[in-house]
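Worksheet: the structure to be examined is printed underneath.
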Amino acid sequence: MTWRLPQASTMAGAVDTLFDFVLWTSVASFLIIVLGKLIFLVRFRRKKIPEKESLYLTGHTATELSVAVILLVWVMVIFYWGWADYKKLRSAPAGAMEINVIAKQWLWEIQYPDGRRLTNELVVPKGKPVKLIMTSQDVLHSFFVPDFRVKQDIIPNTYTSLWFEATEAGEHPVYCAEYCGAAHSGMLATVRVLEPAAFEAWQLAGFLGEAGAAEGEAASEPKSLAEKGREIFMAKGCQACHTTDGSKGLGPSQKGIFGATEALEGGGTVTVDENYIRESLMEPAKKVVKGFQPIMPTFKGQLTDEEINALIGFIKSLGGK
Ligand code: CUA
């Protein structure tokens, strides 16, 4: 149908089908109620000379029950269908390409694992699942790509994520869908979807860079997120307590820790993910791994979102799930 937005992701069709189901069944029930009302209005209208008295109805159990059951089934179908699709929308496939997004008043900063940074432009390959790991530097924002039928709030001091697999090459607009101040409506970006071969060429071109292209070699390779993370790890003195080879230190070794489930001092467990690492940097005493002392200093106000993303990239590079 032409009035529809392009369906440019693997989930777009499913979202539209459910939307259509809710829309058209609602239209049908609206017509049944309104037409029924009109029929009764005419049939039982007041007449000057009553031909016969209208029926006095006190209720009809079978009719009432069947209406209630039909409505319940209808709502449960919508609920289950929505839940099944929501679960698919919420869980990125394993092996999805991870890209960091930092929202700020009023632009989008995109951070690639290979170290490339873009503003208001997200370049992705067609036919490959992409997971965005997003945070905000200031207020609430929301990343919305109508063509992909995906939208996710972005919250300061925490990570939220969203995934999609683009099915159509070309440009797709991104909107901020959470009021975030004076230039909210201008907080726009573009997802540029490239054919896999073109995406590889794009990645390679980034490595050659201006200087590299001039010298004809790939000399100006940008530092990857993990390499930047390693530098910050060393510069902030993390290695004094956290080894990266699995040996014991004052704090847990970072080797293979990402994705692991750790027991905590005082009971409970935690899965080491982006949010746990971030929280541990800001409030180290909140969830201390069993067998360790709450001696880590806070890094609140000392690390930018870019640097935290790099540190997480470094920890991921040390292995894990
Ligand atoms: Cu960012 Cu609205």
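Sorted on the mean count of surrounding Cβ atoms within 10 Å across their residues, most packed first, peptides 238-245, 33-40, 86-93 read 238-245, 86-93, 33-40. In a DSSP loop and with at most 10 other Cβ atoms within 10 Å, there are no chymotrypsin sites (Phe, Trp or Tyr not before Pro) in segment 256-321.
What order do Arg278, Arg230 take when sorted by accessible area (1.4 Å probe), most exposed first? Let's see the in-between values first.
Values: Arg278 10, Arg230 110 Å².
Correct descending sequence by accessible area is Arg230, Arg278.
What whole-number value in Å² describes the accessible area per residue of segment 97-215 for a 1.4 Å probe? Write down the numbers at each step before the final one.
Working: 4970 Å² over 119 residues.
Counting only protein heavy atoms, the per-residue value for segment 97-215 is 42 Å².
Whole Å is fine, so just give me how far the alpha carbon centre of segment 1-32 lies from that of segment 266-304. Using only Cα atoms, the two centres lie 44 Å from each other.
Give me the net charge of Ser280's neighbourhood, meaning all other residues with Cβ under 9 Å from the Cβ of Ser280; Lys, Arg count +1, Asp, Glu -1. Show your work: numbers first, answer last.
Numbers: positive: Arg278, Lys286, Lys287; negative: Glu279, Glu283.
Result for the neighbourhood of Ser280: +1.
Relative to the longest principal axis of the Cα atoms of the chain, helix 12-43 runs at roughly 20 degrees. Helix 61-90 and the long axis of the chain differ in direction by around 20°, with both axes built from C-alpha atoms. Note on segment 12-90: Cα Rg divided by 2.2 N^0.38 Å, N the number of residues, gives 1.67.
Here's how it looks for Cys176: its modeled amide H is under 5 Å from those of Met187, which are all 5 or more places away or on a different chain.
Restricting attention to segment 107-188, which chymotrypsin sites (Phe, Trp or Tyr not before Pro) occupy a DSSP loop and are surrounded by at most 15 other Cβ atoms within 10 Å?
Details: sites: Trp108, Phe143, Phe144, Phe148, Tyr159, Trp163, Phe164, Tyr175, Tyr179; in loops: Tyr159, Tyr179.
Here the sparse-neighbourhood loop sites are Tyr179.
The values are calculated or read from the model by the stated rules, or taken from the named source; none is laboratory data. Since the structure is predicted, the reported quantities are computational estimates derived from the model, not experimental observations. Using ideal geometry, Cβ is built from the backbone for each residue, glycine included, and neighbour counts are taken over all protein chains shown. Quick note on the areas: whole protein, heavy atoms, side chains included, nothing else; ligands and nucleic acids left out. Shrake-Rupley method; radii C 1.70, N 1.55, O 1.52, S 1.80 Å.
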